[in-house]
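Nothing in this text is a laboratory measurement; each read-out follows from the coordinates by a stated rule. Because the structure is a prediction, the values reported are computed rather than measured. For neighbour counting, all protein chains shown are included, and Cβ atoms are generated from backbone atoms with ideal geometry for every residue, glycine included.
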Amino acid sequence: MSTYYYSHPDCLDHVTPYGHPEQVARLKAIATALSDASFESLIRCEAPLADEDDLLLCHPQSYIDRITGAVPLSGSVPLDADTHMSPGSLKAALRAVGGTIAAVDSVVDGSAANAFVGCRPPGHHAEAETPMGFCLFGNVAIAARHAVERRGLSRVAVVDFDVHHGNGTQDLLWEEARTLFITSQQMPLWPGTGDPSERGAHDNVINIPLAPGTGGVEMRRAYEGRVFPALEEFRPELILVSAGFDAHRDDPLANLNWETEDFAWLTRRLCDIAADCCDGRVVSTLEGGYDLTALGQSVAAHVKVLMERGR
């Protein structure tokens, strides 16, 4: 089997205002990083469009109608201070959801060993009825619900290593007993959620705050001590990853000090657990990462490990 890479040119048409960190150039940096000859065997797939039934797995009809109705004819409109829509934003967001669902299907069906979804806008801040933090729909949460509702899986884990708390994923999966959501994040930092006391309706949420300045050594200790044992006890049938690369020391939006190799190490360890629990089934989807050089290098390191494990 191989590693599948889902993306689509439509994701370049989500245009944010000049100077916005969540910019078109992010996907261009990733495309450049993955154009190296060492990625020749990466299977490149077009992310399909999600449909309304997919969105309804996590979002109410009223919210879907609101987002659909907010698409401008030209320019850019703010949904809040950070989150914007341009004429191409809705289609891009539907590709991000559809690509993550398609990646789940390819891995569950056995056509792919694992997959990475390089689409935008990201999704882990979008709550059930609130767009925020650059996010319109809950990409990874919708994929998790797809896995349990439509594909019949009993246990799906979501691991979020973005530097910001995945408040949206937590909100969307709070009541879902068939999922385990584990997230590490810098605290204090926007959005201000992610305290360890936030446990989910079924004790299915684990929040791991990391102090500003936390580097790879401390991160590895936290994951070895709390994240990996929780995953091993849960025995997921699929591991979904919210892959934010903004914990990198060069990222402009936060203050953690991870290096590129830390993302590779974390990917290896998650793949180790997946190999033991669920035949290596891992689906990773892009969240943050705003220094373009660090983003390209970190995604390349992440995907390289997935490819090594997918052979």
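What helices (runs of 4 or more DSSP H) completely inside region 19-102 contain at least 2 residues that are more than 23 Å from HIS146 (Cβ to Cβ)?
By residue number, 25-33.
Looking for something of a type outside the set (Gly, Ala, Ser), without any contact (Cβ under 8 Å) to a residue 24 or more places away in the chain and out of contact with any Phe, Trp or Tyr (no Cβ under 9 Å at 6 or more places or on another chain) - is there at least one such residue anywhere in region 37-47?
The answer is yes, given that some residue of region 37-47 is of a type outside the set (Gly, Ala, Ser), without any contact (Cβ under 8 Å) to a residue 24 or more places away in the chain and out of contact with any Phe, Trp or Tyr (no Cβ under 9 Å at 6 or more places or on another chain).
Within region 215-248, which residues are assigned to a loop (DSSP other than H, G, I, E, B), in contact with a helix residue (DSSP H, G or I) (Cβ under 8 Å, 6 or more places away or on another chain) and not aromatic (Phe, Trp, Tyr)?
Matches in region 215-248: ARG235, PRO236, GLU237, ALA247.
One residue is enough: does region 128-137 have a residue meeting the conditions of a type in the set (S, T, N, Q) and closer than 19 Å to GLN185 by Cα?
For region 128-137, residues of a type in the set (S, T, N, Q) and closer than 19 Å to GLN185 by Cα: absent.
Residues of region 287-311 being touching a Phe, Trp or Tyr at 6+ places or on another chain (Cβ under 8 Å) and of a type in the set (A, V, I, L, M, F, W, C), which ones?
Across region 287-311, the qualifying residues are ALA294, LEU295, VAL299, ALA300, ALA301, VAL303, LEU306, MET307.
Quick test for you: out of PHE245, PHE234, pick the one residue that is crowded, with 16+ Cβ neighbours inside 10 Å, in contact with a Leu (Cβ under 7 Å, 6 or more places away or on another chain) and closer than 21 Å to LEU27 by Cα.
After applying the criteria, what remains is PHE245.
Checking the condition over 25 Å from GLY280 (Cα atoms), of a type in the set (Gly, Ala, Ser) and surrounded by 22 or more Cβ atoms within 10 Å (Cβ to Cβ), which residue from ALA70, ALA93 passes?
ALA93
Output the number of residues of region 96-137 satisfying the condition of being among the β-branched types (Val, Ile, Thr) and either farther than 22 Å from GLU175 by Cβ or surrounded by fewer than 22 Cβ atoms within 10 Å (Cβ to Cβ) (or both).
Qualifying residue count for the region: 4.
Are there any pairs, at least 6 apart or on different chains, whose C-beta atoms fall under 6 Å, with the first in region 112-132 and over 17 Å from THR68 (Cβ atoms) and the second assigned to a loop (DSSP other than H, G, I, E, B) and aromatic (Phe, Trp, Tyr), and if so, which?
Once the first residue is over 17 Å from THR68 (Cβ atoms) and sits in region 112-132, its partners that are assigned to a loop (DSSP other than H, G, I, E, B) and aromatic (Phe, Trp, Tyr) give PRO122/PHE134.
What number of residues within region 278-293 are out of contact with any strand residue (DSSP E or B) (no Cβ under 9 Å at 6 or more places or on another chain) and closer than 15 Å to GLY98 by Cα?
Final tally of qualifying residues: 0.
Taking interchain pairs and intrachain pairs at least six residues apart, which have beta carbon atoms under 8 angstrom, with the first residue in region 143-159 and within 13 Å of ALA177 (Cβ to Cβ) and without any contact (Cβ under 8 Å) to a residue 24 or more places away in the chain and the second assigned to a helix (DSSP H, G or I) and not basic (Lys, Arg)?
none
Among the residues of region 138-171 satisfying the criterion of being in a helix (DSSP H, G or I) and among the aliphatic types (A, V, I, L, M), which is surrounded by the fewest Cβ atoms within 10 Å (Cβ to Cβ)?
Per the stated criteria, the residue is VAL148.
Filter region 115-137 for residues that are under 10 Å from GLU287 (Cα atoms) and in a loop (DSSP other than H, G, I, E, B) and give the result.
GLY118, CYS119, ARG120, PRO121, PRO122, GLY123, HIS124, HIS125, PHE134
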